[in-house]
């Protein structure tokens, strides 16, 4: 049952580092660098330079000035810093996010709701925030609005420029988590009108354990940590120099062929969607058909359970992910922890079906051959599970009765 | 190196090559448990002759652990007397599978419940 195939379609959860990133980290680790805060001796100054260079490269990827970037330990920390840090400095603001945000955004409600006005916006069946409902919430309540650029599970990309317009019209601030979108599309914080932006290293072909928060110069942020003066005192703690250097190199490596990869993955993703639509019985796609991440295809299949399909895919060398109730968290302590995805529930995937969704997320290393391989194996695996499914039998029997 | 999988080798084997999966003509008893609403559903068919389970088949909608538990159960009960089969517990299914993650124990419980339901069906039909 083993197979030599290695077709990786889980780039939304992590990407493999670019070889240039690996070389850069290796170089930095081998270079005798001091602590960047030791500004007087040459080893410390050299480390500071590595961080400065990386800051320039990351800033260039999002069209920002280097001094607007704060390096963090990852996206979760950046999201906490952006929202709680902003509200600490601007307690008169409220907090608004959608019901499909990552838990690092959504769960901040718990600690914030006693001190600020909080609202959660429902999304439509495609996962899009409705501009009118946002406008209504912000009308009488200036807020920091946190909406991810794209949703990792269903691939939908928000109409961020329109959202930004509504925010600024209502004196509000826009934070966007770009973890899922970065590395796949071009990002320009000024053009998009984003005030605070979260980036994650390991989602853009860089290392894990490092991220960054862009903070528009007009925004005041308070630190949520006690510590030293690193990262303007906003994110104290000795800098992760090799990680930061790796993230800088990852952003540098994105330059140049970003547009061509975006187009290539968009075409291949659309093609895979169309192919599965024709070849997979009982398939239901999730997310918006056009306003979506390039190379991202997500769906659920009636009468079969998501984890079994993920396992069969893995046995056939295809690595995908799932928002299924029963699959994502095998380390859960009990059944109650096997929660159904809040994202699928929010876009109206019937909870009484609970069959789990599959997310196929491509990245720049995926070839056309990878896509073709998925097209060739997936329909057969679904059929295999359908033949085992009593739910499918019942459906067919009912159909025969109804069809007479 | 073999690719790592989230379950024991036995579970993966029963998931990939389920034993006794399919329909049965004129079963002596059928056990239906679970519901697609709960994410899993199992149907167990038994052929019983002279108080002995001579054949068992299943169909299951569920995760890898649910399919493997169903497959293992059918293997265990074939050839058993009804009394022997009645005493099968989910722990025995779990042990035979080489263990299940804690959060997946309920899948083996479903297999035990399907067996109990089939026994009940048999009793009702043969009153």
Review point. Hey, any hits in segment B:89-102 for a residue that's within 14 Å of chain A (Cβ to nearest Cβ), out of contact with any helix residue (DSSP H, G or I) (no Cβ under 7 Å at 6 or more places or on another chain), over 15 Å from residue B:53 (Cβ atoms) and surrounded by 16 or more Cβ atoms within 10 Å (Cβ to Cβ)?
Key: yes
Study note, to complete from the structure: Scanning segment A:267-303 residue by residue, those surrounded by 18 or more Cβ atoms within 10 Å (Cβ to Cβ), over 20 Å from the mean Cα position of the chain (by Cα) and at pLDDT below 95 turn out to be A:301, A:303
Practice item. Quick one: count up the residues across segment A:1-25 that are exposed (fewer than 13 other Cβ atoms within 10 Å of the Cβ) and in a helix (DSSP H, G or I). Key: 1
**Study point:** Selection from segment A:381-404 of residues that are within 14 Å of another protein chain (Cβ to nearest Cβ), farther than 19 Å from residue A:312 by Cβ and out of contact with any strand residue (DSSP E or B) (no Cβ under 7 Å at 6 or more places or on another chain)
**Key:** A:394, A:395, A:396, A:397, A:398
Exercise for review: Collect the residues in segment B:37-56 that are more than 8 Å from chain A (Cβ to nearest Cβ) and either closer than 26 Å to residue A:301 by Cα or part of a strand (DSSP E or B) (or both), keeping them in residue-number order.
Suggested key: B:44, B:45, B:46, B:47, B:48, B:49, B:52, B:53, B:54, B:55, B:56
Review point. Condition test on residue A:64, is it crowded, with 18+ Cβ neighbours inside 10 Å and either assigned to a loop (DSSP other than H, G, I, E, B) or within 14 Å of chain B (Cβ to nearest Cβ) (or both)?
Key: yes
Exercise for review: State whether one or more residues within segment A:368-380 are more than 30 Å from residue A:18 (Cα to Cα) and either in a helix (DSSP H, G or I) or more than 14 Å from every other protein chain (Cβ to nearest Cβ) (or both).
Suggested key: yes
Check your understanding: With respect to residue B:75, is the statement that it is away from chain A (no Cβ under 12 Å), assigned to a helix (DSSP H, G or I), surrounded by fewer than 23 Cβ atoms within 10 Å (Cβ to Cβ) and at negative phi true?
Key -> yes
Revision key, fill the gap. Heads up, the strands (runs of 3 or more DSSP E) in segment A:104-202 (entirely inside) with at least 1 residues that are in contact (Cβ under 8 Å) with a residue 40 or more places away in the chain are A:143-146, A:173-177, A:196-200
Practice item. Determine if segment A:172-191 includes at least one residue that is surrounded by fewer than 24 Cβ atoms within 10 Å (Cβ to Cβ), within 26 Å of residue A:344 (Cα to Cα) and at pLDDT 95 or above. Key: yes
Check your understanding: touching a strand residue (DSSP E or B) at 6+ places or on another chain (Cβ under 8 Å), surrounded by fewer than 23 Cβ atoms within 10 Å (Cβ to Cβ) and at pLDDT 95 or above, is that true of residue A:94?
Key -> yes
**Study point:** Conditions (1) over 11 Å from residue B:118 (Cα atoms); (2) facing chain A (nearest Cβ under 8 Å); (3) within 15 Å of the chain's Cα centre (by Cα); number of the one not met by residue B:34
**Key:** (2)
Check your understanding: Which is assigned to a loop (DSSP other than H, G, I, E, B), without any contact (Cβ under 8 Å) to a residue 40 or more places away in the chain and surrounded by 14 or more Cβ atoms within 10 Å (Cβ to Cβ), of A:44, A:34, A:48?
Key -> A:34
Review point. Considering only segment B:1-31, how many residues are farther than 21 Å from residue B:63 by Cα and within 11 Å of chain A (Cβ to nearest Cβ)?
Key: 3
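The values are calculated or read from the model by the stated rules, or taken from the named source; none is laboratory data. Keep in mind the model is a prediction, meaning the values are calculated, not measured. For neighbour counting, all protein chains shown are included, and Cβ atoms are generated from backbone atoms with ideal geometry for every residue, glycine included.
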